[in-house]
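The values are calculated or read from the model by the stated rules, or taken from the named source; none is laboratory data. Only a predicted model underlies this, so the values are computations on that prediction, with no experimental measurement involved. No Cβ is skipped: glycine too gets one built from the backbone with ideal geometry, and neighbour counts run over all protein chains shown. Areas reflect the complete protein model, heavy atoms only, side chains present, ligands, DNA and RNA absent. Shrake-Rupley method; radii C 1.70, N 1.55, O 1.52, S 1.80 Å.
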Amino acid sequence: MSEYYNPDHLPQFDRIGEGSPELAEKFFAYYGAVFAEGALSAREKALIALAVAHTVQCPYCIDAYSKSCLQQGSDLEQMTEAVHVATAIRGGASLIHGLQMLDQVNKLGM
Amino acid sequence: MSQPTTSLVQRGARLATPQAQLATLAAIDLSKTRHQGNFATALVANGWQTLTPTDLEIFQINVGKLCNMTCRHCHVDAGPDRIQENMNRETIDDCLRALDQTPAHTVDITGGAPELNPHFRYLVEQCVERGKHVIDRCNLTILLAPRFHDLPEWFAARGVEVVCSLPHYRQRNTDAQRGDGTFEKSIVALRRLNAVGYGQGDPQKRLTLVANPVGAFLASSNASVEQEWKAGLQKHHGVTFDRLIALNNMPIARYLEWLEESGNLQSYMELLVNSFNPGTVDGLMCRNTLSVGWDGRIFDCDFNQMLNLESRTPEGHSLHIRDFKLQDLVDRQIGVDRHCFGCTAGAGSSCGGALCM
Ligand code: SF4
Ligand code: SF4
């Protein structure tokens, strides 16, 4: 293996079943059900997936859900806003911990 | 996709001829895809030995390649420079005589921008007089040209269904595919159609939007997409319409050129082939439609027309509208090739939209 990430892995995702076909089958059935049209539309779910993909920084998911978002009818502006939502939550999540820091400083300082 | 373009013919581009387009498609290595990228094999594998017509329902007339626009994805290679290829009055009369011999209930008029043909209004009038449902495939922007200002009202008085191209309900994507400013002009045109009663649920004034993917991916088939479009256009532009049809882009003419230039050709063809959906075959438009070219030649569909793949009798003769005999059509086999995977990918794609949901 010459690299950690390989684009060919994405279309071969089902090979994960080699080690445990039963768990793979359960996972893929669940996965398919999650993304089906439901109370949220398939387009909305793809946008959420795109945002989460950026949060977990998974290149496979970014590849897959960029395509999926376009195919479900989202455009670049909408997709960029979704990525900013992920970014804002990540940034905000760091920053809110600043209050823990502040409490520590206030407790320890004079 | 944001650069404006001109017609392949005007540029003398390599892909300007149907032969070059067919050769380009044939040269793609699809040996690792399902059915090795062979459409006939895919049909046979799913129980279709041959593709044959059903009852003729739609009489489609392509009145010419002249267009006020030059969209990047155009499978007709239409444009303002295509002034040679336009149907004359004689051929239009041949079409009407042929129409009278068929059971077709709908006449689907396309182009280019069909309104630019000098005999367009005559053709529509004649079809309406015959009690046919008439569809005008309209690019919207043409309605803003001064000599077409009265068209929305003129259509409304005749119950013409207006089927309009709008790649996306948001500006960026529409302009990327059809040229800067197209979206705003399209919205103005849609408002004019709304103002005379189109797009408000009246079957006599049906306003249909056609969406093509802006890029190398498949058309969405979800019912929720129509709701999103309706809500989006209503909220931001106060525009209403009756239904949305999503079509895949066909790997023909300028879209084929874009696929090649953008490095997407191989993967797009793999996507089309691997998304082959046997459930779409039954409803393919070539089965219930006849397509007449500007010069009167008869084809199985508008795509075959652009690739110069003529309808043929079992004896191998090509067909012309001047010598129309319904039986010739009934007996024929439909000619298929690689581009046909564009019609069967995913939920499928025909001039009427998704073939199965
Ligand atoms: S896609 Fe339609 S509007 Fe655009 S250039 Fe072709 S015929 Fe004209
Ligand atoms: S391109 Fe589509 S409509 Fe035309 S012959 Fe092929 S499958 Fe039929």
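What the table shows:
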quantity: Filter result for residue A:64 (within 25 Å of residue B:214 (Cβ to Cβ), within 14 Å of another protein chain (Cβ to nearest Cβ) and in a helix (DSSP H, G or I)); calculated: yes
quantity: Residues of the stretch B:269-284 satisfying the condition of being of a type in the set (A, V, I, L, M) and open to solvent by 20 Å² or more (accessible area, probe 1.4 Å); calculated: B:271
quantity: Residues located in the stretch B:91-126, provided they are open to solvent by 30 Å² or more (accessible area, probe 1.4 Å) and farther than 23 Å from residue B:152 by Cα; calculated: B:93, B:97, B:100, B:101, B:103
quantity: Hits in the stretch B:2-39 - residues which are open to solvent by 50 Å² or more (accessible area, probe 1.4 Å) and in a helix (DSSP H, G or I); calculated: B:9, B:10, B:11, B:14, B:19, B:23, B:26, B:34, B:36
quantity: Candidate set: the stretch B:228-259, residues that are away from every other protein chain (no Cβ under 14 Å) and small (Gly, Ala, Ser); chosen: the one least open to solvent (accessible area, probe 1.4 Å); calculated: B:253
quantity: Test result for residue B:44, open to solvent by less than 30 Å² (accessible area, probe 1.4 Å), β-branched (Val, Ile, Thr) and either at pLDDT 95 or above or not in a loop (DSSP other than H, G, I, E, B) (or both); calculated: no
quantity: Single residue of the stretch B:214-227 satisfying the filter (facing chain A (nearest Cβ under 7 Å) and more than 24 Å from residue B:72 (Cβ to Cβ)) that is most open to solvent (accessible area, probe 1.4 Å); calculated: B:222
quantity: Matching residues in the stretch B:165-192 - criterion: being in a helix (DSSP H, G or I), more than 9 Å from chain A (Cβ to nearest Cβ), of a type outside the set (Gly, Ala, Ser) and open to solvent by less than 30 Å² (accessible area, probe 1.4 Å); calculated: B:174, B:175, B:177, B:178, B:182, B:183, B:187, B:190
quantity: Test: residue in the stretch B:179-195 that is hydroxyl-bearing (Ser, Thr, Tyr) and farther than 27 Å from residue B:290 by Cβ; calculated: yes
quantity: Check on residue B:151, open to solvent by less than 10 Å² (accessible area, probe 1.4 Å), closer than 26 Å to residue B:238 by Cβ, touching a strand residue (DSSP E or B) at 6+ places or on another chain (Cβ under 9 Å) and within 14 Å of chain A (Cβ to nearest Cβ); calculated: no
quantity: Only one of B:305, B:266 that is open to solvent by 10 Å² or more (accessible area, probe 1.4 Å), away from ligand 1 (no atom under 16 Å from the Cβ) and assigned to a helix (DSSP H, G or I); calculated: B:266
quantity: Residue tally, condition within 16 Å of ligand 2 (Cβ to nearest atom), crowded, with 20+ Cβ neighbours inside 10 Å and outside any strand (DSSP E or B), over the stretch B:57-76; calculated: 4
quantity: Which listed residue is assigned to a helix (DSSP H, G or I), of a type in the set (Lys, Arg) and in contact with a helix residue (DSSP H, G or I) (Cβ under 9 Å, 6 or more places away or on another chain), from B:121, B:137; calculated: B:121
